[in-house]
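The next block holds one structure in the form of C-alpha cells; read it before the comments.
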Amino acid sequence: MEQKSDHKQVEDLQLKPDPTVLNFDKNQDSLDISLPSKNRLETMADPSGDKPKGHALPYSSRTPSENGNTFGERDRVPNLRANSVIAQKSEQLLQTLKAHKHERQIIILQDFPDPDALSSAWTYQLIAEQYDIKCDITYAGTLSHQENIALVKLTNLPATRTPLQSFKNRDLSLYQGYVLIDNQGTTSSLVDAIQSHGIPLIAIVDHHNLQNDFKSEFVDIRPGVRATATIFTQYLQFGLLQLDSSMSEHINCATALMHGLHSDTNRLMQAKEEDFMAAAYLSRFYDSQLLNTILRATRSKRVMDVIERSLKNRIVQNNFSIAGVGYLRYDDRDAIPQAADFLVTEDNVHTAVVYGIVHDQDEELEVVIGSLRTNKLTLDPDEFIKEAFGQDSTGRFFGGGRTSAGGFEIPMGFLSGSNEDSAYARMKWDVYDTQIKQKLLKLVNPKDNLISSDE
Ligand SMILES: [Mn+2]
C-alpha cells in the first residue's frame, strides 16, 4: 500500500528515533526505530532507484543507499543545500520540546493572523502534543478576511481570539511558556502582558527579518523562506510529526499549511525552491477540494455593502481612486482593503485609497482605518502614506506600507464612541472624510487643492 510505504520512509528519517514519543502510529506493523541510526542527510538525499545515473545534485557527499528503491523522488528534502539548517533546527526543536514535556504553552499570533500563521501554529501544536505539551493558540484582533474565517471553520483550526482586556484578566500562570509563530512579538498586543507575567519565551519560528532581541530557547528565523508554513513542513518532513492520511486532523492541518504557503507566496508566484518542495510534500496529504472550498469563500453581505459604498463614493483624480465608506463594525474591517483591491482594478486607476471609521465594541474605541493599493511601480505606498498623514504628537507615523500596498490607522481620541445621535455621527464622519480627502488630494493633485464632493 502506497501510503504505508511512505510512512516507513519517513520513519527512516527520524533523526533520533524515540519510541516513546514518535511511535504513535498504531497501525504501523514494524517500525525500524531500533535500527542503528543512519546518516539522516544521506538517507534523505537518497535518489530513487530509477533515477538516471549521473543526475547532478547540488552537493557531492551523498552515497547511494542500499534500500534506494523504496525512496521516491518526492522524498528528497527541499533545497539540499539548506539541509544542514533544516536538520539542525529540527533537532533543536525536538530537544526543546523534550525539555518541556507535560507543560502548557500559549502560542501567540499577530493580532490579525493570516493563514500562514494559523496553519503553522496548528502544526506546532500537533508536534508538541506528542510530548504531552498542551498548546493554546490565540490572537488579540480578529479574523476578518472571509478566507481566514473559512479556513478556521472548515478545518476546525484550534485558534481562539482573546482581546487584550480579557487576556489580562485571564489566569496566565497556568502557562509555563509562550511561543511566537510567524511573528516576533512586534505585531501582537498580547506580548507585553505575557512578558509582564514573567512567562518565558520557548520558541520563535518566523520568516520576517529579525525584529527584536527577545531571548528565546529555540529560535528559527529564516527571512529567506517565503512562508513559515514552509519551515513547519520541513519539520514534518524531517519526522517531527508523521502525518497520517487516515486522520482527518492531519489532512486538515496539511490543507491549512498548503493554504498558508499559497497565500504567503501569492499563489506560489513568489515561491522559491524550498517552498515548492514543501508544497510538493503537502500535496501527498492535503485535501484539494477542501482547499478549493476555502479559497472560494464568499464575501459576506456586509463586505459587499462596503464595496458598494466605496464604488458609490469614489472620486477619481489623476488616476487615483479615493473612497470613504463611513462606519464599519470591527469584524468587517477587512472589507476596507478588499474594497481597495477592487477599486484599483478600474480602467485608468493606478492607485486606490479606501477608508472608514471602524467601531470596536469591545474596547469602545473608534479608529479611522484606511488601505492603499497601487499598480504604479514608482509610487511607494510607505512614503505616500507617511507624507499624506504625517505623525502623531509622539512622532509615530499613522501608517506605512510595503510594495504595492499600505495602510493607516488614525485614532479618534476624544471624538471616539457615543454615536447615539445619527446627525452627530454623520457630522463626525463628514469632518474626518473631508480632512482625509484634503490630505490625500494634496498629494494626488498638488496644483488645485479643491475637494470635489461626490456625495
Ligand atoms: Mn507569514
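Taken together, the values in this text are just the output of simple stated rules run on the coordinates, not laboratory data. Computed from a predicted structure; not experimentally measured. All Cβ positions, even for glycine, are placed from backbone atoms using ideal geometry, and neighbour counts span all protein chains on display.
Data overview
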{"quantity": "Any hit, the range 155-165, residues being surrounded by fewer than 18 Cβ atoms within 10 Å (Cβ to Cβ) and assigned to a helix (DSSP H, G or I)", "calculated": "yes"}
{"quantity": "Selection count where residues are within 16 Å of the ligand (Cβ to nearest atom) and either assigned to a loop (DSSP other than H, G, I, E, B) or buried (at least 23 other Cβ atoms within 10 Å of the Cβ) (or both), scope the range 205-240", "calculated": "21"}
{"quantity": "Residue within the range 241-255 that is among the aliphatic types (A, V, I, L, M), within 19 Å of the chain's Cα centre (by Cα), away from the ligand (no atom under 16 Å from the Cβ) and buried (at least 20 other Cβ atoms within 10 Å of the Cβ) present", "calculated": "yes"}
{"quantity": "From the options ASN266, ASN292, ASN252, residue that is under 28 Å from SER144 (Cβ atoms) and in contact with a helix residue (DSSP H, G or I) (Cβ under 7 Å, 6 or more places away or on another chain)", "calculated": "ASN252"}
{"quantity": "Filtered residues of the range 252-277 (kept if over 21 Å from PRO113 (Cα atoms) and part of a helix (DSSP H, G or I))", "calculated": "GLU273, GLU274, PHE276, MET277"}
{"quantity": "Unique match (being among the charged types (D, E, K, R) and free of Cβ contacts under 8 Å to residues at least 12 places away in the same chain) among GLU249, GLU273, GLU308, GLU217", "calculated": "GLU308"}
{"quantity": "Members of the range 101-117 found to be within 10 Å of the ligand (Cβ to nearest atom) and in contact with a strand residue (DSSP E or B) (Cβ under 7 Å, 6 or more places away or on another chain), listed by number", "calculated": "GLN110, PRO113, ALA117"}
{"quantity": "Odd one out for VAL152, checked against (1) within 13 Å of ALA256 (Cα to Cα); (2) buried (at least 23 other Cβ atoms within 10 Å of the Cβ); (3) under 13 Å from the mean Cα position of the chain (by Cα)", "calculated": "(2)"}
